[in-house]
Structure formats: C-alpha cells, structure tokens
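> This is the structure I have questions about; it appears just below.
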C-alpha cells in the first residue's frame, strides 16, 4: 500500500506533526548559526562619507570592504556587462522595514542589564543598526503573548465602556516607546489575532485544540472553528462594536504617544489555530470592513486587507468585488503561503499597496540556511511590487518557544542563565535590507540576461543607491553592474550577502 505524502507546508505541519518535531529541531538549533555577541557588533555611522560595502557570510558578519573605483561601461564588451541598472524607470516606493513587537520579546529583553538592553535596542532601531522604520504590533494577545487577553472581555459591552489597554501599559507600550525614542519617525501598524471572545460564535480565543504535547488551551469540541467559516458573530451590532474597539485602541495608543498608521482586520483569517485566532470568510470580512473604515477615517488611520496566508487570490478578489468593502481597502498584507498569490495580485490589483506582513518564523534554529531562505522569500515579494517587509519576533529567550508550543526564530536571542544576548543570522539579513534603504526609496530595475539575477537595488530620496547582492556559490563571484555609461565591478565573497551604498554624486 502506498501512502500519499502530504504537502510539506506550515499548514500541514501544524495540523499533522504537533510540536514534538518542532521542539526537537529547536532544541538542536539552540546556539547554531553562531552570531556575533553584543559587545563586538560592528557599527558604521550612517553619515560616513563616500561609498560603503558590507558583506556577511555564515561566520563573518558585516565586514567592511573597499568599494572598487568605477570604470567606463564601454571598457568591456557587451557580454561582459552582467547587470544593467535602469535608473530612469524606478518602481514601487518603499514604505519601510521592521519587525513585530510582542510580550515575549519584551520579557526576553527585560532579562538584560539596562546597558545591554539599550545596546540591543540600538542595534534594532538606532541609526547605526537596522534603523527599522515601520513595525507591527498585535491588538491584544498574539501567539507570543504571555497569555490570552483582549481589551474588553465584558460580554455585551457594545459601547466599549470597559475597554482598557492597561495590560499593554506594562509591556507593549513601553516597548514601542523605547523604540520611538531611538527613531521618532517609526511607523506602526496593527492587527488582532482574535476579537474579544464574546464576539465569537464559540466564545473562546482559539479555534482548535492544543497541539499534541502542549498544555491544554481549554477549548471544548463545540467551540472549535474551521477554515471557510465565519467565527465572528455576523450581526450589525457586533460589527459596529468591533469597529469601535479598533477606534478605542488607536485612540488609547495615541494618548501614549504611539500613532497607529494602519490596521488590518484579522491576522491569518483562514487559520484555525490553538492560539488566539479567528476564521472569517471573505464575505464576512467584506461585511465588517465598511464599519471599520468609517471608524478609522475619523482618525486618519488606513485600512489594509489581511493578513492573507493562503495561496488563493480568489479570497481577496471576493472582498474587492464588494464595492463598499473595496472602497475601504488601501492595501493588502501577505504572508506565508500567501506569497503564491503575488504574481496574480501584482497583475490584477496594480494600485493596491502590497506589504510582506510576516517573515516566515522558522523553528528556533536561527541558522544561516534559514536566513538564506528568508533572503529568497523577501526578494520574491519585492520583485512583485511589495513596498514593506516585516520580520516576526524581535527577541526571544534561547529556544524561542511560545506559550502555545511553537519554537520560532528571532533577531536577538537572550540566554536566561547568563542574561547575555546575541544577534542571529536573521538579524544580519534584516540589517542588510533595512540599514541604508530609507522610506521613500524606489526600487530600481536590475536587468540581466546572463543569469545574474540575485540582487535588489533601491534609490533613496537623497539620490544614493543601495545595492543588495547575494552570492549563493561556494566561491567568489565577479558581477559587473552598469548604468549611464558607468560600471561597478564587485568580487562578491563566497556564500555571502552584500550591501553596497553609492552616494548620489557617483551616479551622475
């Protein structure tokens, strides 16, 4: 008898594998992919004069290299010009790059001494670190919260009289305030993992029982939800109350000095999970979106659709077929298997802004292999018009385990025993992307016909050019980039990522 092997995807892994394999791989990976310890993390001032070049390989991060002098493009033959940069045809405008705040990240950083915690924050948000410009935050509990909570668990409180963000004043709000102290221009967007439990048909924060080996989440069989169903109560008074819930959230955060620029109605609206989650149909979301839009318009907060985690563009098309819902949607957040929809979304909805809303989370290994995978994933998004990229966990303790039984990667790993931290391979990947590409940059076409297609290029508002180049080979690779009669020839180190910054004056 031949057994059919299920598709290897996150969806099937979470349904079929439980946590045993995930936890085992995480334990095996603790300490793998050795990253540089906090005291030795190099920094180069953003205002440094002249061109810059930084390269990262598995065991040698962010090394500075000399940028070769430019030469004339016609000094070599036509077939020796590997990549042609078309500065005259800029593509999408970049909104920003960042990561997601969570209570588990806050708790991990809280283990550090004040000096080390300040250093970790500088590495993430400082102008000599990743310089993150746009980050995500959950509305209420995510799967990396301390425990389940919402901002109003009072049944029938449609007026939101009992609404409170008191929980966040101890965790997420000071976390974001510390980040904004380093970058006052930091933009924030938010989405819930679950509505208040009394707004859901099952009355429980989760949609599925705990995975095998994980602690029970207390859900009863009659409370279990399913993909393709509306688990939010489909009544006008609930829609109105939930829209008010969003409005109160944005208002309360504004009082704390944190402007929520954009909201999305539901994280992964198709996924019935054992952690906070809520399944919606496209039609259910289309019914809710006009209510949400009316409340957000009062505050100047944009509404994006999402997040879309399935390779099924018809889910978005169904929402956009509803004129009242389509009028509200200013963009879409895509993550996980949703990346399969990118070509279709780019063709079908060219005027809808597209964000990469969550980098795939890994299993706590924090290794070079997965950082390489993440490079290919983010490049896929930007090649299809994405204007933003969001990493998931900012910081976790060693092992990266959530309270619901999923070990995940993070930018920073904190050792609870020594109360020291290290940055991971994913950190360096994000630094290569975010450190020098500023909001308002435009992606630059990098045309080639000889197989040199492993780069992304951006032009900043100040005219500088940022080239991100990947060499996946086990040996050094020479790549020649040309534009406007000029040529830059780079010898990319073996198995490396590079960021090259050229001042505007070098491009003329």
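> Please give, to one decimal in nm, the separation of the simple spin-label points placed at residue 462 and residue 158, each 7 Å out from Cα toward the Cβ.
5.5 nm
> Here's a follow-up. How far is it, in nm, from the label point at residue 198 to the one at residue 450 when both lie 7 Å from their Cα along the line to the Cβ?
It is 6.9 nm.
> Which percent, nearest 5, of DSSP beta bridges in the chain are antiparallel?
The antiparallel proportion sits near 60 percent.
> I want to check the label-to-label distance for residue 234 and residue 93. Put each point 7 Å from Cα in the C-beta direction and report it in nm to one decimal.
It works out to 3.8 nm between the two label points.
> May I pose another question? Compute the distance from the alpha-carbon center of the range 76-93 to that of the range 340-375, in whole Å.
Answer, in whole Å: 25.
> Counting helices only, and only those DSSP H runs with n ≥ 4, report the 222 nm mean residue ellipticity of the chain as the sum of -39,500 (n - 2.57) divided by its residues, in deg cm²/dmol to the nearest 500.
Calculated from helices alone, the mean residue ellipticity at 222 nm is -7000 deg cm²/dmol.
> Then there is this: Round to the nearest 10 and give me the degree value, 0 to 90, for the angle of helix 425-434's Cα axis relative to the longest principal axis of the chain.
70 degrees
> With angles folded into 0 to 90 degrees, how steeply does helix 20-29 sit against the dominant principal axis of the chain? Use alpha carbons for both and round to 10.
Computed tilt is about 30 degrees.
> Using the Cα gyration tensor of the range 269-386, with a ≥ b ≥ c the square roots of its eigenvalues, what is the shape: rounded (a/c below 1.5), prolate (a/b larger than b/c) or oblate (neither)?
Cα axes put the range 269-386 in the prolate bin.
> Continuing with the same structure: Checking the a/c ratio against 1.5 first, then a/b against b/c, what shape does the Cα gyration tensor give for the range 86-227?
prolate
> Turning to a different aspect of this structure: Kindly put 450, 506 in sequence by how many other C-beta atoms sit within 10 Å of each C-beta, fewest to most.
Ranking 450, 506 by Cβ neighbours within 10 Å, fewest first, gives 450, 506.
> Here's another thing I want to ask about it. When the chain is fully extended, how far beyond the present Cα-Cα distance does residue 347 get from residue 261, taking 0.36 nm per residue of separation?
That pair, residue 347 and residue 261, stretches by 28.3 nm at full extension.
> Gap in Å between the Cα centre of the range 207-286 and the Cα centre of the range 396-463?
When both Cα centres are located, 28 Å separates them.
> As a footprinting exposure proxy, order 111, 172 by other Cβ within 10 Å, with the fewest listed first.
Listing 111, 172 from fewest to most nearby Cβ atoms yields 111, 172.
> To the nearest 0.05, how large is the calculated FRET efficiency for residue 504 and residue 78 if R₀ is 35 Å and r is the Cβ-Cβ distance?
Working from the Cβ atoms, E equals 0.80.
> Right, here's the next one. Subtract the Cα-Cα distance of residue 177 and residue 128 from 0.36 nm times their separation in residues, and report this length gain in nm to one decimal.
Taking 0.36 nm per residue and subtracting the Cα distance, the gain is 15.8 nm.
> Another question about this same structure. Against the longest alpha carbon principal axis of the chain, how many degrees, from 0 to 90 and to the nearest 10, is the axis of helix 172-182 turned?
20 degrees
> Now for a separate question. Per 0.36 nm of contour for each residue apart, how much would the distance between residue 226 and residue 66 grow if the chain were fully extended, relative to their Cα-Cα spacing?
Between residue 226 and residue 66, full extension yields 52.0 nm more.
> Using mean Cβ contacts within 10 Å as the protection proxy, how do 315-325, 120-130 order, highest first?
So the order, starting with the most tightly packed, is 120-130, 315-325.
> By counting other Cβ atoms within 10 Å of each Cβ, how are 191, 496, 475 ranked from fewest to most?
Going from least to most buried by this count: 475, 496, 191.
> Pairs of alpha-carbon atoms within less than 8 angstrom and 6+ residues apart define the contacts here; what relative contact order does the range 96-436 have, in percent?
Relative contact order here is 20 percent.
> Label the range 96-436 by shape, choosing from rounded, prolate and oblate, from the square roots a ≥ b ≥ c of the eigenvalues of the Cα gyration tensor; if a/c is under 1.5 it is rounded, and otherwise prolate applies when a/b is larger than b/c, oblate when it is not.
rounded
A short reminder: the numbers here are calculations on the coordinates, not readings from a lab. A quick note: this is a predicted structure, and the numbers were derived from the prediction, not measured. Cβ coordinates were reconstructed from backbone atoms using ideal geometry, including for glycine residues, and neighbour counts include every protein chain displayed.
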